[in-house]
Amino acid sequence: MRKFARQIPDHPEGYYLAVNDREIVIAGRDERGTFYAVQTLAQLLEKDGHLPAVTLQDFPAIRFRRVVESFYGTPWSHEARLRQLKFYGENKMNTYIYGPKDDPYYSSPNWRLPYPEKEARQIRELVQVARENEVDFVWAIHPGQDIKWNEADRNLLLAKFEKVYELGVHSFAVFFDDISGEGTRAEKQAELLNYIDNHFVKAKRDVTPLVMCPTEYNKSRANPEGGYLSTLGTRLNPTIQIMWTGDRVVSDITRQGLDWINGFIRRPAYIWWNFPMSDYARDHLLMGPVYGNDRDIADRMSGFVTNPMEHAEASKIAIYGVTRYAWNPAKYDSQKA
């Protein structure tokens, strides 16, 4: 493969694929890039077994391309999640965030408790299938509604992280969305997250950067004069990623909007896009094309995640559109997708 090294794009997850009448060449910048080259090869395979002659050098414009299961309503079944993870691998989505709003062990008051045996076994299986499909399984927790800013709750949170780590999870998120009261204090959130980052994430050495969802997670809910967002920007460790839904809960993502939030949080925003999520319109299936987001903003975000519907299979239409947009926004064609 050394003779093809110069053909591989110098980007994470990049790959080189060549098919001609003599050979098939698959070469990735890393393990995931090689996996993606194989997925592209499978997509090129025609029904009669023939392959077209091609030469491709490809890589994603956005580093983290994700799905976050965090809608209100009936969570996906275990079987639906397994099918989703395989779908993500086939279509080059590299992350799934597990954060069902109605999982009793995700939020208050049971976030402090370990998962029962059945649920723990299912998480372990999800992690394994995610790994087989080159998907990072991110486990999220939502402690803000009743968290006490003391050592006891901090230790309970870390103990829960440790239990989930033992199930094979190497990626974590902490959500402070849709809460009120003491849990909304930015300086306390930053203090807790930095502690987790310093004493768990960095200590493990095999855990990916921590992700957080802020209480002020879009512009319509933000109070710049109150200092919440700027406090996160100045106090949070720089490796911690901060999620953002745009100007509103459901919003197109624009260059102007990203420039606004990035100035406060002092890092590229991690976009949480609430489409095709339908918990505000449950009598509808949102199965239209993915469109409306600016196409020149890949360098202004650290990731792009879609929040789907409670209907897992129907959500795949929009999820596929997001996979194409997040891979290369500049050349994205919503109708073709």
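Below are the figures for this structure:
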{"item": "Unique residue being open to solvent by less than 50 Å² (accessible area, probe 1.4 Å) and among the hydroxyl-bearing types (Ser, Thr, Tyr) when the list is Tyr291, Tyr270", "result": "Tyr270"}
{"item": "Qualifying residue in the stretch 133-152 (condition: of a type in the set (S, T, N, Q), open to solvent by 40 Å² or more (accessible area, probe 1.4 Å) and within 24 Å of Phe64 (Cβ to Cβ))", "result": "no"}
{"item": "Residue match in the stretch 271-292 (condition: in a loop (DSSP other than H, G, I, E, B), without any contact (Cβ under 8 Å) to a residue 40 or more places away in the chain and more than 30 Å from Asp102 (Cβ to Cβ))", "result": "no"}
{"item": "Matching residues in the stretch 1-44 - criterion: being open to solvent by 90 Å² or more (accessible area, probe 1.4 Å) and assigned to a loop (DSSP other than H, G, I, E, B)", "result": "Met1, Asp10, Asp21, Arg22, Arg29"}
{"item": "Subset of the stretch 212-225 [open to solvent by 60 Å² or more (accessible area, probe 1.4 Å) and either within 22 Å of Asn237 (Cβ to Cβ) or touching a strand residue (DSSP E or B) at 6+ places or on another chain (Cβ under 9 Å) (or both)]", "result": "Lys219"}
{"item": "Members of the stretch 180-211 that are touching a residue at least 40 places away in the same chain (Cβ under 8 Å) and surrounded by fewer than 19 Cβ atoms within 10 Å (Cβ to Cβ)", "result": "Thr184, Glu187, Glu191, Asn194, Tyr195, His199, Phe200, Val207, Thr208"}
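The values are calculated or read from the model by the stated rules, or taken from the named source; none is laboratory data. Being a predicted model, the structure only gives us computed values, none of them experimental. Neighbour counts are summed over all protein chains in view; Cβ atoms, including those assigned to glycine, are modelled from backbone coordinates with ideal geometry. Calculation scope for accessible area: heavy atoms of the full protein, side chains included, ligands and nucleic acids excluded. Shrake-Rupley method; radii C 1.70, N 1.55, O 1.52, S 1.80 Å.
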